[in-house]
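What follows is a single structure, written as structure tokens, with notes after it.
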Amino acid sequence: MIIDLDEYDAAILDMDGVVTRSVRAHFASWKRMFDQYLRNRAGQQGEKLQPFTEEDYYRYVDGKPRYEGAQSFLESRGISLLYGSPDDLQGKETVCGLCNLKNQYFLEYIRSNGVESYRSTIDFVKELKKRGKRVAVISSSRNSEAVLEASGVSDLFHATVGGVDAVDHHLKGKPEPDIFLEAVRRLGVSSGRAMVIEDALSGVAAGKAGGFGLVIGVDRSGNNTELKSYGADIVVADLSEVRIKDA
């Protein structure tokens with residue numbers, strides 16, 4: 001896949017799954033929390049346990065703000081919980097309480113295992129910067145700063161918009177384009193002259209909704225067809241497959 005950089009001034013990259021290999025940590029943490037909750041619920045109601053799966057993660061949780069993703073998954077199982085408060089105790093039977101427990105598990109995971117980055121993505125970003133393009137990283141995660149720091153790439157980008165920024169600036173979560181539009185605002189470019197690079201279905205949809213010049217889907221999970229149907233202009237398995245047209 002060859003792209004002509006004369007058509008673009010900037011690139012906005014999603015953090016989890018595009019820049020960092022933190023999807024594994026997120027999935028493991030969500031699964032630990034949800035399976036624990038679902039096991040207790042099944043025991044209380046005499047139901048068969050249906051564990052949280054990788055397909056559940058990519059369809060309902062990936063790319064979304066923490067509380068929205070959890071609520072989306074619970075609704076898919078016909079489970080209605082009180083939303084609660086962000087201050088709820090970890091594990092309380094509310095959307096917020098369950099998410100707070102997931103966050104504890106996630107922080108434990110990255111403290112124990114660290115976070116790797118995708119070498120091909122880092123090389124791609126460096127090449128863009130070398131050619132005078134602006135680059136931002138976005139994430140729905142409120143832990144984005146810790147993840148970028150743990151992976152050693154926090155100084156690589158001209159701008160960062162994370163989950164804490166989304167709350168502070170009242171940005172709607174994906175599939176709404178707010179977080180991407182905030183990124184181009186900080187870079188000082190227009191969305192039509194910027195690329196979005198995403199691995200999440202909700203993120204690809206957000207890039208399309210924001211009127212970005214090019215939406216590249218990175219297929220880490222075998223979602224090639226779905227990424228295209230959600231709005232990706234092109235889909236690659238890894239950014240090493242993207243070539244920049246010579247001047």
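List the helices (runs of 4 or more DSSP H) that sit entirely inside region 64-147 and contain at least 1 residues that are under 24 Å from residue 169 (Cβ atoms) and either touching a Ser or Thr at 6+ places or on another chain (Cβ under 7 Å) or not assigned by TED's automatic domain parsing to the domain that holds residue 178 (or both).
Filter on region 64-147 gives 66-76, 95-113.
For region 83-95, what are the residues that are surrounded by fewer than 14 Cβ atoms within 10 Å (Cβ to Cβ) and hydroxyl-bearing (Ser, Thr, Tyr)?
83, 85
Return a yes/no flag: does region 210-232 have any residue that is outside the structural domain of residue 53 (by TED's automatic domain parsing), surrounded by 16 or more Cβ atoms within 10 Å (Cβ to Cβ), in contact (Cβ under 8 Å) with a residue 40 or more places away in the chain and in a helix (DSSP H, G or I).
no
Which residue, of 22, 80, is of a type in the set (Ser, Thr, Tyr) and crowded, with 21+ Cβ neighbours inside 10 Å?
Criteria check complete, one pass: 22.
For region 123-156, how many residues meet the condition of being more than 16 Å from the chain's Cα centre (by Cα), more than 19 Å from residue 110 (Cβ to Cβ) and buried (at least 20 other Cβ atoms within 10 Å of the Cβ)?
5
The values are calculated or read from the model by the stated rules, or taken from the named source; none is laboratory data. Everything numeric here is computed off the predicted structure, so don't read it as measured data. Using ideal geometry, Cβ is built from the backbone for each residue, glycine included, and neighbour counts are taken over all protein chains shown.
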